[in-house]
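Beneath this line is the structure, given in structure tokens, with notes to follow.
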Amino acid sequence: MVESARPHVEQRSIAELAAEARKEPLDYMLDLALAENLETVFSALLLNSDEAAVGRMLRDPHALVSLSDAGAHLTFFNDSGFGLHLLGHWSRELGVLSLAEAAWRLSGHPAKIYGIRNRGALRPGYHADLLLFDPQTVNRGPNRRVFDLPADQPRLTADAIGVHGVWVNGRRIADSNGLRKSAELPGRLLRDFAA
């Protein structure tokens, strides 16, 4: 996929763009990069490109839905929003999991596996960690580059689509516009796990 200053090439594949331009893919890619003073961002789909195989993994009751490199590659990869992608793409669009199953796979299932007490379900005495979303639109937006790291360095991010609120420990920290500026962050580091 391409991130470019030219809107007609954004989020499209090099193969598709090269075919339209009647060029070899490598020639098209190099020409585009040179035309944009080497500021074009190219993304490669490296893993899990076979949706049928990924669907089988997601349905496996022993598989844990997770993804992270702990932010080690913020300028090259953007794994944020994988939960929204599960709800929107895999559940709503492809029907691999029901919406209820997808939500449980993101909340109750990891809490159970990792022994995270009082989380992962809506029960009396549990922490009120909630995500309010529209099941008809929930998803993650396209990757975009922002320059908010130290020394104005870039990183990739993606906006939430169809999310109306996030609550941590019963306190609203985000709304449909993102993180609330006045929100205190009531989360805490988890150190106590069930055996």
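Scan the stretch 138-173 residue by residue and report those that are open to solvent by less than 30 Å² (accessible area, probe 1.4 Å), under 24 Å from Glu93 (Cβ atoms) and either without any contact (Cβ under 8 Å) to a residue 24 or more places away in the chain or in a strand (DSSP E or B) (or both).
Scanning the stretch 138-173 gives Asn139, Gly141, Leu156, Thr157, Ala158, Val163, Gly165.
Looking only at the stretch 83-97, how many residues end up being open to solvent by 70 Å² or more (accessible area, probe 1.4 Å) and over 16 Å from Leu131 (Cβ atoms)?
Residues of the stretch 83-97 that are open to solvent by 70 Å² or more (accessible area, probe 1.4 Å), as a first pass: 92-94.
Now drop any that are not over 16 Å from Leu131 (Cβ atoms), which leaves 93-94.
The qualifying residues number 2.
Can you tell me which condition Gly120 does not meet? The list is (1) closer than 30 Å to Ser13 by Cα; (2) modelled with pLDDT of 90 or more, and all the others hold.
(1)
When the residues of the stretch 19-48 are narrowed to those that are polar (S, T, N, Q) and open to solvent by less than 80 Å² (accessible area, probe 1.4 Å), which ends up modelled with the lowest pLDDT? Full working, then the answer.
Looking only at the stretch 19-48, we keep the residues that are polar (S, T, N, Q), and these are 37, 40, 43, 48.
Within this subset, residues satisfying the condition of being open to solvent by less than 80 Å² (accessible area, probe 1.4 Å) are 40, 43.
Working: Thr40: 83, Ser43: 78.
Going through the qualifying residues, I end up with Ser43.
How do the pairs read when you match residues in the stretch 174-190 that are in contact (Cβ under 8 Å) with a residue 24 or more places away in the chain with residues anywhere that are open to solvent by less than 90 Å² (accessible area, probe 1.4 Å) and outside any strand (DSSP E or B), using Cβ under 9 Å and keeping only pairs 6 or more apart or on different chains?
From the stretch 174-190, the pairs are Leu190/Arg119.
Considering only the stretch 67-78, I want to know if a residue exists there that is surrounded by 17 or more Cβ atoms within 10 Å (Cβ to Cβ) and out of contact with any strand residue (DSSP E or B) (no Cβ under 9 Å at 6 or more places or on another chain).
Within the stretch 67-78, none of the residues are surrounded by 17 or more Cβ atoms within 10 Å (Cβ to Cβ) and out of contact with any strand residue (DSSP E or B) (no Cβ under 9 Å at 6 or more places or on another chain).
State whether one or more residues within the stretch 94-116 are in contact with a strand residue (DSSP E or B) (Cβ under 6 Å, 6 or more places away or on another chain) and outside any helix (DSSP H, G or I). Show your work before the answer.
Residues of the stretch 94-116 that are in contact with a strand residue (DSSP E or B) (Cβ under 6 Å, 6 or more places away or on another chain), as a first pass: 115.
With outside any helix (DSSP H, G or I) added as a condition, the list becomes 115.
For the stretch 94-116, residues in contact with a strand residue (DSSP E or B) (Cβ under 6 Å, 6 or more places away or on another chain) and outside any helix (DSSP H, G or I): present.
With respect to Leu130, determine if the residue is among the aliphatic types (A, V, I, L, M), touching a helix residue (DSSP H, G or I) at 6+ places or on another chain (Cβ under 9 Å) and closer than 29 Å to Val54 by Cα. Before you say what the answer is, go through the steps one by one.
Working: among the aliphatic types (A, V, I, L, M): yes; touching a helix residue (DSSP H, G or I) at 6+ places or on another chain (Cβ under 9 Å): no; closer than 29 Å to Val54 by Cα: yes.
No.
Do any residues in the stretch 55-84 that are modelled with pLDDT under 85 have Cβ atoms under 7 Å from those of residues that are of a type in the set (A, V, I, L, M, F, W, C) and loosely packed, with under 11 Cβ neighbours inside 10 Å, where the two are at least six apart or on different chains, and which pairs are they?
Listed pairs, sorted by first residue: none to list.
With respect to the numbered conditions (1) under 21 Å from Ala72 (Cβ atoms); (2) in contact with a Phe, Trp or Tyr (Cβ under 9 Å, 6 or more places away or on another chain), which one is the sole condition not fulfilled by Phe147?
Only one criterion is unmet by Phe147, namely (2).
The values are calculated or read from the model by the stated rules, or taken from the named source; none is laboratory data. These numbers come from a predicted model, not from an experiment. Cβ atoms come from the backbone with ideal geometry, glycine included; neighbour counts cover every protein chain shown. Quick note on the areas: whole protein, heavy atoms, side chains included, nothing else; ligands and nucleic acids left out. Shrake-Rupley method; radii C 1.70, N 1.55, O 1.52, S 1.80 Å.
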